[in-house]
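What follows is a single structure, written as structure tokens, with notes after it.
The values are calculated or read from the model by the stated rules, or taken from the named source; none is laboratory data. These figures come from a predicted structure and were not determined experimentally. With ideal geometry, Cβ positions are generated from the backbone for all residues, glycine too; neighbour counts draw on all protein chains shown.
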Amino acid sequence: MRPTWAGIHLDHLAQNFKHLKQRIGSNCEYLAVVKANAYGHGAVPCAQVLERSGIDWFGVAIPEEAIELRQAGIRKPILCLGGFWEGQESEIIRSNITPAIFLLESAVLVDRAARNLNTVVPIHLKVDTGMGRVGIRLENLSEFADRIRELKNLRVEGLMSHFASADDPSEDDYTNEQLNRFDQAYALLSAKGFQFTYRDLANSPAAIRHPASRQSMVRIGGLLYGLYRDILPKDLQLPELRPVLSLQSKIAFIKDVPPNETLGYGRSFRTKRPSRIATVPIGYHDGYPRALSNQSTMIVNGAFANVVGRVSMDWTLIDVTDIPSASVDSNVTIIGIENDLSVTAEELASYSQTISYELTCGISPRVHRKIIADVT
């Protein structure tokens, strides 16, 4: 097989969940966000380990992701955070998927399908407290609730929302305002007779930074996968969290290059000395961003090697002049730890002016995921 692969450390995932529960507390249920292929880590193996580790719920973005989990044998409740599209309502009922509802039209579709299947479907109402993405606006909530009450094959069991900037201390006033709006929504709906089993507001940063957001359920995403250095303030006391994903390859080719020779597309790098340049089989189609050209590093035989030239679709060049032991088939650590050196997803994301979530989500399917350590 092509020697570029992602190592998935499921033992780290289980330990991260354990440490987060100890930090956040046991007075709530836990929803593991496994959308986007578990942030690029592999939704099915991650969900299987988390289910064995005692997770209460799973969260996905679209019904297709939930169905994949059901087909793999996952039995815990699944909340479809992004709702569904017309035509999917019967399948989400058959697959026992709980939809987040923020459109009246979606509620009507589910109610009709549930009536045809002679069942009652649990739903979670999603209110927009300030994210501005999807959700029922507070000024429309009273009318929306009255219409929902007319749909007899729905059972409203949850109320949820999403924070816009719970990770940012300078935005704490806004986060607190979102908390207040959520409380207003809860009070309005309770006055209309709705009884909620789940009040779901806290995402990863809120669960750590804003204790008041930890209501009857918290949603944990990036923290589960050990991604936090670019999500939470650096001075925040955190539980021990370890990256779940590493990214590895091998040197495919080495050449000697004289001074003053250019490398790669656009000739963006010029050698200043006699150099040994190695070619690594990873590129932007694999999820190694072009933005890393001429500025990131990889680890070869216990030493850093600079990326030189532009990252292309399938290949990346590194300078191994100062690593005499480097040769064809030498292991290359792209994300991970080797001896005392490390390259983190957060560091690569900072070079790319993005966040670690986008980086790991972007690792393409042609990069084989290999389970390094499972949990039974």
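The table that follows gives values for the structure above.
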{"quantity": "Some residue of the stretch 352-361 being acidic (Asp, Glu), farther than 23 Å from Phe253 by Cα and in contact with a Ser or Thr (Cβ under 9 Å, 6 or more places away or on another chain)", "calculated": "yes"}
{"quantity": "Boolean, Ser90 is of a type in the set (Ser, Thr, Tyr) and farther than 25 Å from Glu29 by Cβ", "calculated": "yes"}
{"quantity": "Which listed residue is within 24 Å of Gly226 (Cβ to Cβ), surrounded by fewer than 20 Cβ atoms within 10 Å (Cβ to Cβ) and touching a Lys or Arg at 6+ places or on another chain (Cβ under 9 Å), from Thr321, Thr344", "calculated": "Thr344"}
{"quantity": "Check on Leu223, within 30 Å of Pro169 (Cβ to Cβ), in a strand (DSSP E or B), touching a helix residue (DSSP H, G or I) at 6+ places or on another chain (Cβ under 8 Å) and in contact (Cβ under 8 Å) with a residue 12 or more places away in the chain", "calculated": "no"}
{"quantity": "Any hit, the stretch 323-333, residues being within 18 Å of the chain's Cα centre (by Cα) and touching a residue at least 12 places away in the same chain (Cβ under 8 Å)", "calculated": "no"}
{"quantity": "Test result for Ser268, of a type in the set (S, T, N, Q), under 36 Å from the mean Cα position of the chain (by Cα) and surrounded by fewer than 17 Cβ atoms within 10 Å (Cβ to Cβ)", "calculated": "yes"}
{"quantity": "The stretch 183-221, residues that are surrounded by 19 or more Cβ atoms within 10 Å (Cβ to Cβ) and either among the aromatic types (Phe, Trp, Tyr) or not assigned by TED's automatic domain parsing to the domain that holds Ile136 (or both)", "calculated": "Tyr198"}
{"quantity": "Tally, over the stretch 295-323, of residues that are in contact with a Gly (Cβ under 7 Å, 6 or more places away or on another chain), part of a loop (DSSP other than H, G, I, E, B) and not β-branched (Val, Ile, Thr)", "calculated": "6"}
{"quantity": "Residue match in the stretch 110-129 (condition: of a type in the set (Asp, Glu) and more than 18 Å from Phe84 (Cα to Cα))", "calculated": "no"}
{"quantity": "Identity of the residue in the stretch 29-88, part of a loop (DSSP other than H, G, I, E, B) and under 16 Å from the mean Cα position of the chain (by Cα), that ends up nearest to Ile123 (Cα to Cα)", "calculated": "Leu81"}
{"quantity": "The stretch 1-13, subset part of a helix (DSSP H, G or I) and within 16 Å of the chain's Cα centre (by Cα), residue surrounded by the most Cβ atoms within 10 Å (Cβ to Cβ)", "calculated": "Leu13"}
{"quantity": "Hits in the stretch 324-353 (condition: over 26 Å from Asp256 (Cα atoms), outside any helix (DSSP H, G or I) and of a type in the set (Ser, Thr, Tyr))", "calculated": "Ser342, Thr344, Ser352"}
{"quantity": "Qualifying residues in the stretch 99-138 (those that are among the aliphatic types (A, V, I, L, M) and part of a strand (DSSP E or B)) - the one nearest to Leu179 (Cα to Cα)", "calculated": "Val127"}
{"quantity": "Flag for Glu65 being touching a Pro at 6+ places or on another chain (Cβ under 9 Å), crowded, with 22+ Cβ neighbours inside 10 Å and among the acidic types (Asp, Glu)", "calculated": "no"}
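The rows are residues; the columns are (1) over 31 Å from the mean Cα position of the chain (by Cα); (2) of a type in the set (Lys, Arg); (3) part of a loop (DSSP other than H, G, I, E, B).
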site	(1), (2), (3)
Asp183	no, no, no
Gly193	yes, no, yes
Ala212	no, no, no
Leu238	no, no, yes
Pro243	no, no, yes
Ser246	no, no, no
Ser249	no, no, no
Lys255	yes, yes, no
Lys272	yes, yes, yes
